[in-house]
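Scroll down for the structure; my scribbles are underneath it.
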Amino acid sequence: MSKAKTALIIGASRGLGLGLVKTLLADGWQVTATVRNPLNADALRAVGNVRIEKLDMDDQSAVVALSQQLKGEVFDLLFVNAGVKGPDVQTPGGATLAEVGQLFFTNAVAPINLAQHFVGQIRPDSGVLAFMSSVLGSVTMPDAPELALYKASKAALNSMTNSFVTQLGEQKLTVLSLHPGWVKTDMGGEGADIDVETSTRGLLDQVNAYTGKGGHHFVNYRGETIPW
């Protein structure tokens with residue numbers, strides 16, 4: 001009997017994060033999941049058999065505290081799912097400095113800051129670091145101008161991830177920038193193409209497929225490569 005794989009999911013109170021936890025548990029993984037507000041974690045708690053930790057990824061001191069609390073633990077998968085859609089009006093003149101700053105910090109800067117604190121706890125050789133990116137982050141595929149700021153924040157995440165990967169040195173790590181598809185969530189809306197279960201099954205299939213391969217890959221939940 002092989003030992004269960006371990007996963008740390010950042011941002012799991014609802015939507016894709018919650019779906020990832022459910023799919024991982026169904027596959028026999030041991031899961032630690034973070035939420036910003038434990039009072040809003042009823043759906044996650046109802047899943048059972050998951051360790052829940054409080055984390056606001058934007059709060060540097062909270063990230064440091066969690067890394068200390070989980071010190072010594074090794075994860076086969078670190079999946080940074082947390083992110084925001086940003087302001088309702090996404091034209092350059094329609095959003096405030098504070099709104100744009102928050103969007104880019106949450107979607108592009110905070111995920112990499114967190115990864116830097118936990119990268120030493122990802123299992124050597126076979127561990128996977130995954131970021132919830134988006135096909136909208138591809139600068140070579142023009143789409144959805146009404147989400148211009150969100151698109152730019154995901155392109156920035158991809159760029160920050162590339163920079164992070166070049167600084168890993170000798171550590172062999174598989175890094176995935178993943179597009180979940182257009183999913184029926186609070187962000188995706190009811191008119192989206194696929195449900196959460198289909199997306200998260202596909203996302204974890206990619207995690208399994210790329211385990212041990214090394215390098216940085218931008219793919220969707222079906223395993224199709226996305227141009228940067």
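Residue separation of Trp228 and Arg123 scaled by 0.36 nm, minus their Cα-Cα distance, works out to 35.1 nm of gained length. Ranked by the mean number of other Cβ atoms within 10 Å of their residues, highest first, the peptides 93-105, 72-84 fall in the order 72-84, 93-105. Here the relative contact order of segment 93-228, from alpha carbon pairs under 8 Å that lie six or more residues apart, stands at 28 percent. For the pair segment 17-71 / segment 142-170, the C-alpha centres are spaced 24 Å from each other. Extension gain for the segment Gln171 to Phe105, taken as residue separation times 0.36 nm less the Cα-Cα distance, is 21.1 nm to one decimal. When shorter helices are ignored and each DSSP H run of at least 4 residues is given -39500 (n - 2.57), the per-residue value for the chain at 222 nm works out to -10500 deg cm²/dmol. Overall, the anisotropy analysis places segment 55-141 in the oblate class: the square-rooted eigenvalues a ≥ b ≥ c of its C-alpha gyration tensor yield a/c not less than 1.5, with a/b not exceeding b/c.
Rounded to a whole number, what % of the accessible area of the chain do carbon and sulfur atoms account for, probe 1.4 Å? Carbon and sulfur: 54 percent of the exposed surface of the chain. Set the Cα radius of gyration of segment 6-220 against 2.2 N^0.38 Å, with N its number of residues, and you get 0.96. Here is the tail figure for segment 83-189: Cα pairs spaced more than 15 Å apart come to 65 percent of all pairs.
Estimated at 0.36 nm per residue, the fully extended path between Asp193 and Asn162 surpasses their Cα-Cα distance by 8.3 nm.
Test of understanding: in a Gaussian network model of the chain with alpha carbons linked when under 10 Å, which of Gly11, Gly19, Gly28 would top the mean-square fluctuation ranking? Of the options given, Gly28 has the highest mean-square fluctuation. Calculate log10 I(q)/I(0) of segment 1-87 for q = 0.12, 0.13, 0.21 Å⁻¹, where I(q) comes from the Debye formula with a single equal point scatterer on each Cα and nothing for solvent. Log10 of I(q)/I(0), two decimals: -0.34, -0.40, -1.01. Note that the chain presents 48 Å² accessible area per residue, ligands and nucleic acids not counted, probe 1.4 Å. How high is the relative contact order of segment 34-176, in percent, with contacts defined as C-alpha pairs under 8 Å that are six or more residues apart? Taking the mean separation of contacting Cα pairs over the length of segment 34-176, I get 25 percent.
The values are calculated or read from the model by the stated rules, or taken from the named source; none is laboratory data. Just so it is clear, the structure is predicted and the values come from calculations on it, not from any experiment. No Cβ is skipped: glycine too gets one built from the backbone with ideal geometry, and neighbour counts run over all protein chains shown. The protein model used for the area step is the full one, side chains on, heavy atoms only, and it has no ligands, DNA or RNA in it. Shrake-Rupley method; radii C 1.70, N 1.55, O 1.52, S 1.80 Å.
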